[in-house]
Amino acid sequence: MFEEASEVLENMLKWSVPLSLVLFLVLVCPLRAEAAHEFSVYRMQQYDLQGQTYGSRNAILNTEARTVDAEVLSRRCVMVRLADFSYEKYQKALRQSAGAVVIILPQNMSTMPQDIVQQFMELEPELLATETIVPVYFALEDEELLSIYTQTQISSSSQGSSSAAEVLLHTATANGFQMVTSGAQSKAVSDWAITSLEGRLTGAGGEDLPTIVLVAHYDSFGVAPWLSYGADSNGSGVAVLLELARLFSRLYSYKRTHAGYNLLFFLSGGGKFNYQGTKRWLEDNLDHTDSSLLQDNVAFVLCLDTLGNSDNLHLHVSKPPKEGSPQHALLRELETVAAHQHPDLKFSMVHKKINLADDTLAWEHERFGIRRLPAFTLSHLESHRSPARHSIMDMRSVSSLEGLSRNTKVIAEALARVIYNLTEKVIAVLRSHQQVQEDQLASLVDWLTAQPRAAQLLDKDSSIVNTLEYYLSRYLKDVKRHLVRADKRDPEFVFYDQLKQTMNAYRVKPAIFDLLLAVCIASYLGVLYLAVQNFGLLYGFLRRVTAPRVKQH
Amino acid sequence: MTLFHFGNCFSLAYFPYFITYKCSGLSEYNAFWRCVQAGATYLFVQLCKMLFLATFFPTWEGGAGVYDFVGEFMKATVDLADLLGLHLVMSRNAGKGEYKIMVAAMGWATAELIMSRCIPLWVGARGIEFDWKYIQMSFDSNISLVHYIAMAAVVWMFTRYDLPKSFRLPVTILLGLCVYKGFLMELFVHVFLLGSWTALLVKAVLTGAISLCSLFLFVTLVHSN
């Protein structure tokens, strides 16, 4: 009995070694295939603001591709082009619990017709408002992606409509695509610091001078952080602020034109996330410091937000300014300058009370208003809800910066009149060499829109923050950074990572294709076997053909 | 089902060899180790060829699109070493003509299969991405088997002392065709811009023609005595 047992064991061992080797090789060897196409995808926003979650939660993807017309969308990656995108289709994909949605944007947005751009801009806040676990990606279109899309579209629309024979033929010739992203699941970024920059120009003539504060937030917002360039909102505001800093620093460097006002310039970060930078800066300056320019005599705070190409200019206030106050003086000067020197500009004041019950504040001046500082915002937009403030379509277009430079001139002129108390004059106060430089503005806007400026992408070491700091320190004194970090226990804002990933598209064949191929190969091998078995027939035939010739010799 | 696809390609490549080995009666002659020795000779010859090519043929820095006819022709000439190797294998094996030819060809072709096809199939056919080239590679290995059998037969015939004068010329031509077949195939593909499946078909037809001619000559030679 023992002999038999040992024999069985021996046999088992004899076969298990090669088997385990094969199994080991099969399981362990990593698979690294080359993809049909590899491209960058940008994920939709994901953030928490004051406890509310927004945006798409998930990041990983390994699913088959389909287009929106296909019937079965669940656990598939739905690809849509911008031209065909609509909210109903998006809802349909989400309802069927699709694996992911990829929206393909054209490389050059200016080729898109205006109404599609406008429609998408209006859809963006709705996309973000519905919190979803489906990852939503944006990709820029190129030839290969377009060919992948067309092939997927052909195969998607033909499903479920043809006979069995057609389906079989289809499987042999069609290409499916498997979309795989590299990268991990998204998680919250800990300890993100939002940076704000301030600088000042001290007025002439002793203590207790009134202060004018000029504020602009430098970050941008859109449905995908890596695609939000924010040319108008708020690249234009930052450009105007920097240009004013240069202008007034020049004026203040001469004794004759050194005015009796302190000028405080503030570039705030996190502006699109309910003005976090400004909020913390105000708290620090008013609550935690002994003496600060903001605590004493503040004449007014002027916030600059979206001042690009438009013939309108609105001054948004939370309380109409009282007569005789510096605020009222600025309002009057803006009206005068607009009316006399730039008649094509339509200037008006818009009054909107601060509504503390809203989720987010409307304009930046409301942060100052809450702390009882007189403030207003200049913008060409009439409403803070305008989609132009939160869109990825806000890009540097080819058009000129006429509107921006005109608005800068108006603001500079009005400020100069208030500061130098030259309100009686009708002609322009600022002469030719003190003028706004248009090419300076143009290069600032070009630089600002060359890279995305979403708040999640600009940490305190980013090149944009460093360059802004450098620029300010050329013209202003006491340039300081101010960092905002979210509170540990009750964070006001939480950002998530994995915003830019690489997606690979692999060509795949359906499973039935492999079976079909196996059947074909088996039949081929069968034919071959028969041929080899009957090789003797060919040999005999050839022998008979050659034999008569031999006999003749 | 990518492992399945690898299985498909592997069986398409390997089973014809298995069938040929079993059905040609080689297994009765215990020819397994002789085939392995033939395979070892193949490895040795390939190594020598590679060293020779690397030493004496510089890389050609011409334009990307132009095909270097002369250079490729010279490289193909080095393939004459294959013939020498086959002759070496066959001369060491005692036995009938058919036995020698089959042993040499089987060993040579199997070694080529393992060396040049197994790893690409393992790495490529198992991946997620599908490509027709793996099936084509497996078909190509079938064609190579027939090609090597024909080549071994022609070499054997060439070295026979009792080869009739009238056969010298056809045998030499066939020998030349065998050696330069790769070069001719590349020429065709380049000049006529053939697709991959068409090229495979042309290769099969060419190999079939060569093998039929060599079989005809072989039968005539063996049964003329």
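Just so it is clear, none of the values below were taken in a lab; they were calculated from the coordinates. Just so you know, these numbers come straight off a predicted model, no measurement behind them. Cβ sites come from the backbone with ideal geometry, for glycine too, and all protein chains shown count toward neighbours.
Below are the figures for this structure:
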quantity	calculated
Principal axis box of chain B, alpha-carbon based, largest edge first, Å	56, 42, 32
Length-normalised contact order of chain A in % [C-alpha pairs under 8 Å, at least 6 apart]	23
Base-10 log of normalised Debye intensity for the range A:81-218 (one unit scatterer per alpha-carbon) at q = 0.14, 0.20, 0.21 Å⁻¹	-0.93, -1.37, -1.41
Simple label model, 7 Å out from Cα along Cβ direction - B:ALA94 to B:THR159, nm	1.6
Long-range HN-HN contacts of A:VAL102 with modeled amide H, under 5 Å	A:VAL78, A:MET79, A:VAL80, A:TYR137
Helix-only mean residue ellipticity at 222 nm for chain A, each DSSP H run of n ≥ 4 adding -39500 (n - 2.57), per residue, nearest 500	-12000 deg cm²/dmol
14 Å beta-carbon shell around A:ALA204, net charge (K/R +1, D/E -1)	+2
Average Cα contact separation per residue, the range B:137-225, under 8 Å, 6 or more apart, as relative contact order %	46
Chain B: calculated mean residue ellipticity at 222 nm from DSSP helix runs of at least 4, using -39500 (n - 2.57)	-27000 deg cm²/dmol
Which listed pairs, of A:LYS509/B:LYS181; A:LYS89/A:LYS509; A:LYS500/B:LYS133, have C-alpha distances above 30 Å, in listed order	A:LYS509/B:LYS181; A:LYS500/B:LYS133
Under-5 Å amide H pairs with A:VAL298, H placed in peptide plane, nonlocal only	A:THR211
Sparse-neighbourhood loop sites, trypsin sites (Lys or Arg not before Pro) in the range A:184-275 - DSSP loop, at most 10 other Cβ within 10 angstrom	A:LYS187, A:LYS255, A:ARG256
Gyration tensor (alpha-carbon) shape descriptor, the range A:297-425, a/c threshold 1.5	oblate
Dimensionless Rg/Rh of the range A:182-263 - Kirkwood Rh, Rg from C-alpha atoms	1.18
Computed FRET value (nearest 0.05) for A:TYR524 with B:PHE56, which takes r as the C-beta separation and R₀ as 35 Å	0.25
Efficiency of FRET from Cβ geometry, A:GLU469 and A:GLN52, R₀ 56 Å, rounded to 0.05	0.95
Reachable aspartates and glutamates from A:LYS346, criterion Cα separation under 18 angstrom, eight or more residues apart if same chain	A:ASP305, A:ASP311, A:GLU333, A:GLU335, A:GLU382, A:GLU402, A:GLU413
Distant-in-sequence amide H partners of A:ALA375 (H built 1.01 Å from N, under 5 Å)	A:VAL301
Span from the the range B:134-197 Cα centroid across to the the range A:440-489 one, whole angstrom	71
Loop-located trypsin sites (Lys or Arg not before Pro) in the range B:86-147, at most 13 other Cβ atoms within 10 Å (DSSP)	B:LYS96
The range A:230-256 versus the range A:287-310: alpha-carbon centroid distance in Å	14
Derived scalar couplings ³J(HN,Hα) [the range A:278-283; Karplus, 6.51 cos²θ - 1.76 cosθ + 1.60; whole Hz; x for Gly, Pro]	5, 4, 5, 4, 5, 4
For A:MET112, B:MET137, order by how many other beta-carbon atoms lie within 10 Å, fewest first	A:MET112, B:MET137
Rounded FRET efficiency, nearest 0.05, which uses the C-beta distance separating B:VAL191 from A:ILE133 and R0 of 56 Å	0.45
Hull volume in cubic angstrom per residue (convex hull over the Cα atoms of the range B:115-158)	55
Approximate shape of the range A:237-369 as ellipsoid semi-axes (Cα gyration tensor, √5λ), whole Å, largest first	24, 22, 16
Net +/- balance of residues flanking A:ARG406 in space, Cβ distance below 11 Å, scoring K and R +1, D and E -1	-4
Two-decimal Rg/Rh across the range A:341-415, once Rg and the Kirkwood Rh are taken from alpha-carbon atoms	1.00
Net charge of neighbours whose Cβ lies under 14 Å from the Cβ of A:TYR87, counting Lys and Arg as +1 and Asp and Glu as -1	-2
Contact order normalised by residue count of the range A:212-286, Cα under 8 Å, 6+ apart, percent	41
Residue of B:ILE173, B:ILE135, B:ILE149 that the Gaussian network model of chain B assigns the largest fluctuation, springs spanning Cα pairs under 10 Å	B:ILE173
Unit Cα scatterers, Debye sum, chain A: log10 I(q)/I(0) for q = 0.13 Å⁻¹	-1.26
